[in-house]
1. Over the alpha-carbon set of the stretch 344-415, work out the extent along each principal axis and list the three values in angstrom, largest first.
2. Specify the angular offset, from 0 to 90 degrees and rounded to the nearest 10, of the alpha carbon long axis of helix 400-412 from the longest principal axis of the alpha carbons in the chain.
3. Classify the stretch 168-231: rounded, prolate or oblate, from the alpha-carbon gyration tensor (a ≥ b ≥ c, eigenvalue square roots; a/c under 1.5 rounded; otherwise prolate if a/b is larger than b/c)?
4. Order 94-104, 264-274, 279-289 from most to least packed using the mean count of other Cβ atoms within 10 Å.
5. Please give the peptides 57-65, 40-48 ranked by average Cβ packing (other Cβ atoms within 10 Å per residue), highest first, as a rough proxy for protection.
6. Order by neighbour count: 411, 117, fewest other Cβ atoms within 10 Å first, most last.
7. Positive end of the dipole of the chain, charges at C-beta (+1 Lys, Arg; -1 Asp, Glu), about the Cα centre: which of 349, 47, 120 has its Cα farthest in that direction?
8. What is the chain by shape, rounded, prolate or oblate, if you read a ≥ b ≥ c off the alpha carbon gyration tensor as root eigenvalues and call it rounded for a/c under 1.5, prolate for a/b larger than b/c, and oblate otherwise?
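Since every read-out is calculated from the coordinates, none of them should be taken as a lab result. Bear in mind the structure is a predicted one, so any value in this text is a computation, not a measurement. Here the Cβ is made from the backbone with ideal geometry for all residues, glycine too, and neighbour counts use every protein chain on show.
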Amino acid sequence: MSETILEIKQLTKYFPGIKALDGVHLTVRTGEVHALIGENGAGKSTLVKILTGVYTLTSGEVLLDGKPLVCRNALEAQACGIAAIHQEASMFPELSVTENIYMGHHIIHPKTKRVDWATMRKETQTLLDSLELEIDCNTLVKNLGVAQRHMVEIAKALSLNARIVIMDEPTSALSLREVEDLYKIVRKLKDDGKAIIFISHKFDEIFEICDYFTILRDGRYIGEGLVKESSVDAMVNMMVGRSLDQMYPKKEVKIGRPVLEVQQLAQTGYFQDVSFTLHAGEILGFFGLIGAGRSEVMRTLFGIDSRSHGTVLLDGKEIHIRKPSEAMGYGIAFVPEDRQSQGVILEMSIAKNITLPQIDALSRYGITHKKRELEVTETFGEKMEIRAAGWHVDADTLSGGNQQKVVLAKWIATNPRILILDEPTKGIDVATKAAVHQFVSEMAAEGMAVLLISSELPEVLGMSDRIIVMHEGALTAEFSRDEATSDSVIKAATGHTAGNGGEQ
Ligand SMILES: Nc1ncnc2c1ncn2[C@@H]1O[C@H](COP(=O)(O)OP(=O)(O)OP(=O)(O)O)[C@@H](O)[C@H]1O
Ligand SMILES: [Mg+2]
């Protein structure tokens with residue numbers, strides 16, 4: 001029998017000028033995967049941080065097993081049996097996997113009374129192996145890929161043997177295969193009678209793995225129910241307060257002249273023989289599993305990494321981009337995938353972040369033209385539906401999804417000729433996702449050329465004029481918009497080259 005383990009009543013949390021949570025209810029039972037759903041800024045992560053002692057509540061009640069929960073920091077939360085995988089990375093890159101997993105709860109050798117590294121390493125390796133992660137416990141976290149780091153965070157939460165496991169957008173950095181692995185882990189936790197709080201913007205996940213849901217909007221409780229008795233439309237309606245227009249509003253565009261021609265581009269160890277042509281007005285999708293080399297191709301084009309071979313032509317003339325500023329000079333903009341470390345400067349205001357690439361155009365003698373700065377910020381901040389207390393608040397007070405939107409706004413505001421988007425809607429809620437798609441589609445219709453990397457199949461299929469698939473550093477297939485189907489694209493991405501149009 002499942003029983004109530006956690007009960008939250010009338011929870012409020014105020015930040016200066018913001019009611020992040022305002023009278024929230026949540027009841028979580030053992031053996032249940034409970035989806036916490038809401039738009040960017042709805043208050044989901046704030047609730048998690050109250051449960052894990054990062055923030056203190058303003059008012060309300062949190063009951064664990066019917067008794068008031070008091071935890072003032074992550075260690076006390078652990079002691080209460082609550083573990084969380086946070087939205088933002090919380091590991092120490094310079095330390096090993098073992099050191100990260102046992103941070104704060106070292107095993108002490110019973111005889112020597114010293115930290116027992118041998119046992120901790122052994123336990124860590126057992127844990128990693130049981131999750132079928134091919135990771136050595138001595139590896140430094142900085143040497144792991146994004147997906148691997150995320151799996152280690154999950155391993156860490158599991159190592160605490162918690163009764164309540166909270167996952168704040170756990171799949172945003174994972175590829176198809178790792179998502180399957182994660183589902184397996186979640187189902188096992190559930191069978192073991194744990195309670196799981198699962199935060200996600202992806203409805204396919206919610207319907208696949210969650211039993212029950214609670215919906216927040218603007219910090220307020222809106223409703224709850226059994227997932228199997230609800231529908232995507234019903235949930236969206238509760239989240240957004242209205243039903244949504246078309247999700248992938250792709251405009252019919254007449255494809256123009258070639259803008260960018262890439263010939264046999266290679267970077268030893270990452271990708272080889274990458275050739276494609278991008279036309280004005282075209283959205284060229286890149287699909288592949290994480291690690292297929294898509295991001296590396298884009299980083300090379302933008303001059304972050306150097307190429308070992310190949311030619312790049314812009315408007316038919318060969319160009320040599322050695323650093324991002326040169327790429328920007330040619331009218332190329334790049335929204336990177338890892339926005340936490342490469343995109344947004346947390347201790348800077350939204351306005352400063354958005355206008356950063358244009359700082360020279362907006363200032364004279366080192367003094368920024370405040371009015372212009374605000375105009376640019378307002379225009380693009382509103383287009384991207386950024387929700388904040390004001391344009392001059394620091395980016396670190398924004399919710400995860402709103403930080404993502406700042407990075408999008410910042411690059412789109414440069415009015416580029418070629419826009420490279422690496423997972424542009426990762427972590428962004430449904431309503432804004434539709435707005436981003438609409439906007440990109442409009443920009444393309446005006447002649448902008450777009451390279452769109454996405455691991456979300458519906459996004460690639462819905463938005464692209466043409467789709468290129470990569471697998472292990474090589475192009476494996478190309479599909480026109482009409483040819484592409486989920487099956488054929490996934491097949492090509494997993495290394496089966498016999499998709500439609502995969503053979504020439
Ligand atoms: N440290 C902080 N200082 C000030 N305001 C904050 C702080 N943390 C969060 N907020 C505000 O609280 C609100 C809720 O943010 P929260 O991060 O909980 O949203 P979320 O539901 O997790 O959204 P997302 O889907 O984007 O991750 C937002 O308006 C955010 O700007
Ligand atoms: Mg969040």
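1. Result, largest extent first: 34, 24, 17 Å.
2. The angle comes out near 10 degrees.
3. Numbers: a/c = 1.90, a/b = 1.44, b/c = 1.32.
Cα axes put the stretch 168-231 in the prolate bin.
4. Values: 94-104: 19.1, 264-274: 17.2, 279-289: 24.0.
With the highest mean Cβ count within 10 Å placed first, the list reads 279-289, 94-104, 264-274.
5. Details: 57-65: 16.0, 40-48: 25.8.
The most tightly packed comes first, giving 40-48, 57-65.
6. Values: 411 24, 117 15.
With the fewest neighbours first, 411, 117 line up as 117, 411.
7. 349
8. Values: a/c = 1.64, a/b = 1.41, b/c = 1.16.
In terms of gyration-tensor shape, prolate.
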